[in-house]
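Taking it in order: structure first as structure tokens, then the write-up.
The values are calculated or read from the model by the stated rules, or taken from the named source; none is laboratory data. Owing to the predicted nature of the structure, the values given are computational and were not obtained by experimental measurement. Here Cβ is always computed from backbone atoms with ideal geometry, including for glycine, and neighbour counts include all displayed protein chains.
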Amino acid sequence: MNSKVALPRRISFRVLAVVSSLALVLGLIVSVQAGQASASTTRDLYWTNHGTDLFEGIPAQTGIGKVSTSNSSNIDATANATAVNPTGIAVTATTLYWSEGTEAAPFVASKIYSAPLTDTNNATLLVDESDKNVAAVAVDDSNIYWTVALSGTNSKIKKASLEDPSEAIDLVTGIQQASGLALSGNKLYWTDTGRSKIGQVNVGDTSTANPDFVTGIFMPIGIAVNDTHVYWTEPFSSGVGRATIADTSDADGHWLNGVVTDEYPSAAIGIAIDDTYLYWANWFEAGTCLNPSADPVHCNGSGPKPGNRIGRAKLDGSGSDGT
């Protein structure tokens, strides 16, 4: 499909990651792969605040937020207050990783930082791709992975040791528009928004890259993976999709409906999972509020816009709650 989709004037990316105190958890540009943990484990859901209005002069948003998955009222909107226009995010049991842009180029993230979860404002610069666009970030116990967009369309995925990120290699090349990354075991998955496909590669063998791992979907962006399924967001068709890893022929871009409502005309973009729930972050078109009487605070400009919400559903799709 060659049709173009016009983006809203104000774009609010909400990128998610979940961290568990008992297991390594991998957060990505708009996705996460959570390790198995006991039901009593306390987890935190992280997101990036990335958004600016280039036409109306609204200041760029900064910082990374955090909320307990067991208590949605326990919100720390500035768990990291120093990141400027952060986009991609990854979280391990001890460390936060993110990519960020600048005030001058808010939609072009060019650097990757890390910080300990115990002091998230104590940032260390790991990667500087000053002439490129870094969208997604993923980590495992020894390596960091990120996407690089060249000339806006010719994307690649790079890999480097966490001990020395300056020595990076090209893991996958020839991607049209890599948007999201997700890790499961030794497999890395990515969304190719330009080709409307999801790819897969063994992180230790570049020759195993399969750019057509999931097909028949529409402009995926966010991605999350567990042992059995791959999940993704289709914000331009207001869907959350799912496919079985063992046989992706059952891919369904609207496997989960109800991520948008008449009152809150937004679409899922960020996505994250743990061992029980799927979470998504909403993206919205500025100025659109179809039912002001239903939510006057959020529709009159004095509060958060309707799209700035995180939804949740169980991994089987039940119990969907967009707010």
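A few comments on the model shown:
- Residue in region 202-214 that is touching a residue at least 60 places away in the same chain (Cβ under 8 Å) and hydroxyl-bearing (Ser, Thr, Tyr) present: no
- Filter result (buried (at least 24 other Cβ atoms within 10 Å of the Cβ) and within 17 Å of the chain's Cα centre (by Cα)) within region 207-226: Pro220, Ile221, Gly222, Ile223, Ala224, Val225
- Tallying residues that are in a loop (DSSP other than H, G, I, E, B), within 20 Å of Thr92 (Cβ to Cβ) and polar (S, T, N, Q) within region 120-140 yields 3.
- Qualifying residue in region 127-135 (condition: under 19 Å from Lys111 (Cβ atoms), basic (Lys, Arg) and free of Cβ contacts under 8 Å to residues at least 24 places away in the same chain): yes
- Filtered residues of region 208-224 (kept if in a strand (DSSP E or B) and at pLDDT 95 or above): Thr208, Ala209, Asn210, Pro211, Asp212, Phe213, Val214
- Scanning region 301-323 for residues that are at pLDDT 50 or above and in a loop (DSSP other than H, G, I, E, B) gives Gly307, Asn308, Arg309, Leu315, Asp316, Gly317, Ser318, Gly319, Ser320, Gly322, Thr323.
- Matching residues in region 124-142 - criterion: being more than 14 Å from Tyr113 (Cα to Cα) and either in contact with a strand residue (DSSP E or B) (Cβ under 8 Å, 6 or more places away or on another chain) or at pLDDT below 90 (or both): Asp131, Lys132, Asn133, Asp140, Ser142
- In region 176-197, residue surrounded by the fewest Cβ atoms within 10 Å (Cβ to Cβ) [restricted to those that are without any contact (Cβ under 8 Å) to a residue 40 or more places away in the chain, under 17 Å from Thr233 (Cβ atoms) and touching a strand residue (DSSP E or B) at 6+ places or on another chain (Cβ under 7 Å)]: Gln177
- Selection within region 227-256 - under 17 Å from Tyr277 (Cα atoms), in contact (Cβ under 8 Å) with a residue 24 or more places away in the chain and among the polar types (S, T, N, Q): Thr233
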